[in-house]
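Engineer: What follows is a structure written as structure tokens; I'll ask about it next.
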Amino acid sequence: MDDTLPDVIGTLVFCGPCGNLLNNPAPGESHVLCEICGYREPVSTFHSIKVTTHTRESAFPSSLRQKRTLVQPTDQVSSSKQLIDERCPKCDSKQMEFSTLQMRSADEGSTVFYTCPRCAYKYSTNN
């Protein structure tokens, strides 16, 4: 490997002989000059450099991704259902199954999911 060729780390290009960070080539320039050692690198070298970057999914957290991790799968909701004396709005059954889940921020109430065991009618309310 030729030690005089520039090294690429991410989108940064460093001078091969001294390791100084090189400026990006300006439009119309034929060479990039290293301000430390005076080395001149042809602009054509920059065109053949392939830059590939990889990041972990957790490297750039977003508010949407954080909210997605707070949502529980629906099988966890259905496994904790309990019966309550509540009339079904559809079939007038005397009892409904219910479960709760914290869907909004912690300082707000939870969401209650109701399911009728007789007709399977479903609805939810926010506490």
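Engineer: What pairs can you find where one residue is in region 103-120 and closer than 16 Å to Ile84 by Cα and assigned by the TED database to the domain that holds Glu86, the other is hydroxyl-bearing (Ser, Thr, Tyr) and open to solvent by 60 Å² or more (accessible area, probe 1.4 Å), and their Cβ atoms are less than 6 Å apart, with a gap of 6+ or different chains?
Structural biologist: Thr111/Ser124; Val112/Thr100; Phe113/Ser124
Engineer: For Leu83, which of the numbered conditions (1) at pLDDT below 80; (2) more than 32 Å from the chain's Cα centre (by Cα); (3) not in a loop (DSSP other than H, G, I, E, B) fails to hold?
Structural biologist: Condition not satisfied by Leu83: (1).
Engineer: Quick one: how many residues across region 89-111 are at pLDDT 90 or above and aliphatic (A, V, I, L, M)?
Structural biologist: Count: 1.
The values are calculated or read from the model by the stated rules, or taken from the named source; none is laboratory data. If you're wondering where the values come from, they're calculated on a predicted model, not measured in any experiment. Ideal geometry is used to build each Cβ from the backbone, glycine not excepted, and the neighbour counts take in all protein chains shown. The protein model used for the area step is the full one, side chains on, heavy atoms only, and it has no ligands, DNA or RNA in it. Shrake-Rupley method; radii C 1.70, N 1.55, O 1.52, S 1.80 Å.
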